[in-house]
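What follows is a short report on a single structure.
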Amino acid sequence: MKLKLQHIVAVMAMAISLVSCNNDDDTAAVSGTGDAELFFDNSVNGDDLILGTPYTNSNSETLKINRFNYIVSNFVLIAEDGTEVAYPKENSYFVINEGSGLSTVHLEGIPAGNYTKVRFGLGVDNQRYLQGETAQQSFWDLADANDLTWTWSTGYKFINFEGTFSSSQTDGEKTFQVHQGSNTATDNYREITLTLPNTARVRANETPSIHLIADANVILDGTTKIKLSDAMNPANTGASIMGGQSLIDIAANTLSMFTVDHVHNGAGDHHEE
């Protein structure tokens, strides 16, 4: 009986030792900081976005997209236990430009952990804008170089979506411009939260890549349908959407513009700009 008891004690001690070692390993594995990247893959209605290629939306308008640029900001990674890690605000504004290949957001110094959701803004929030030109001069210059600004007093273009279109309501091909942003009447900045299909593992030696799909078609052909032919200028040479109810509707549409295709865990960067 005494030997049996000693055997049980020995087994329990070994089990406790193994658990302790495993816990130490887990703690070591998620300590420190690492990086994460988000790759924005632009598409249109389920296909890769190729500038200048025609496609027809459900509004029976055929578009050729020549420009698709936008601002993403205020990134937050949400861990499996609900902990939120907000990227430093002063560094959390980025430009995505289909024409120039700006497509990857690289986040540095993220606490090691297992992340299951990501939240980010589309555009520049009013709080940041009101900090003034000096506080954001570097990003303003970047946005300006990518056709994502008006004047300083009128602010940023959150989305610059341009090209040509034709429909049964127009006489031949016309130009279109959709410039989405906030104005004195409405704050059109929106935040999007996405659940990841698998955990993004941030480690000192692992950089997860979150591959997002952005569907440009959703801007006009989302929950609310917006016809370019209804926004023709008085000269009937093109369509322009830069204010009014349409921008509010577009802001709502863009809440469903992004989806997560996959998450790749591993060492190093996984996409190149």
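Selection over segment 56-97 of residues that are closer than 16 Å to D35 by Cα, of a type in the set (S, T, Y) and surrounded by fewer than 17 Cβ atoms within 10 Å (Cβ to Cβ) gives a count of 0.
Every residue, every condition in (1) more than 22 Å from L220 (Cβ to Cβ); (2) under 20 Å from the mean Cα position of the chain (by Cα), yes or no:
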{"site": "D81", "(1), (2)": "yes, no"}
{"site": "F94", "(1), (2)": "yes, yes"}
{"site": "T104", "(1), (2)": "yes, yes"}
{"site": "L130", "(1), (2)": "yes, no"}
{"site": "T134", "(1), (2)": "yes, no"}
{"site": "T154", "(1), (2)": "yes, no"}
{"site": "T164", "(1), (2)": "no, no"}
{"site": "Q169", "(1), (2)": "no, no"}
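Residues in segment 1-58 that are modelled with pLDDT under 50, more than 30 Å from E206 (Cα to Cα) and not hydrophobic (A, V, I, L, M, F, W, C): K2, K4, Q6, H7.
Flag set for N74, criterion: in a strand (DSSP E or B), closer than 17 Å to T195 by Cα and at pLDDT 95 or above.
In this structure, is S166 farther than 22 Å from R128 by Cβ, assigned by TED's automatic domain parsing to the domain that holds F68 and hydroxyl-bearing (S, T, Y)? Here the answer is yes, as S166 does meet what is asked.
The listed residues are D249, D215, and the only one of them that is in the same structural domain as L122 (by TED's automatic domain parsing), more than 23 Å from W150 (Cβ to Cβ), at pLDDT 95 or above and of a type in the set (D, E, K, R) turns out to be D215. What number of residues within segment 220-269 satisfy the criterion of being more than 30 Å from T207 (Cα to Cα), among the polar types (S, T, N, Q) and touching a residue at least 12 places away in the same chain (Cβ under 8 Å)? Total satisfying the criteria: 8. Condition check: more than 17 Å from I213 (Cα to Cα) and surrounded by fewer than 17 Cβ atoms within 10 Å (Cβ to Cβ). Does G52 satisfy that? Taking the combined requirement at face value, the residue satisfies it.
The values are calculated or read from the model by the stated rules, or taken from the named source; none is laboratory data. Note that the structure is a prediction, hence the values are computed from the model and not measured. No Cβ is skipped: glycine too gets one built from the backbone with ideal geometry, and neighbour counts run over all protein chains shown.
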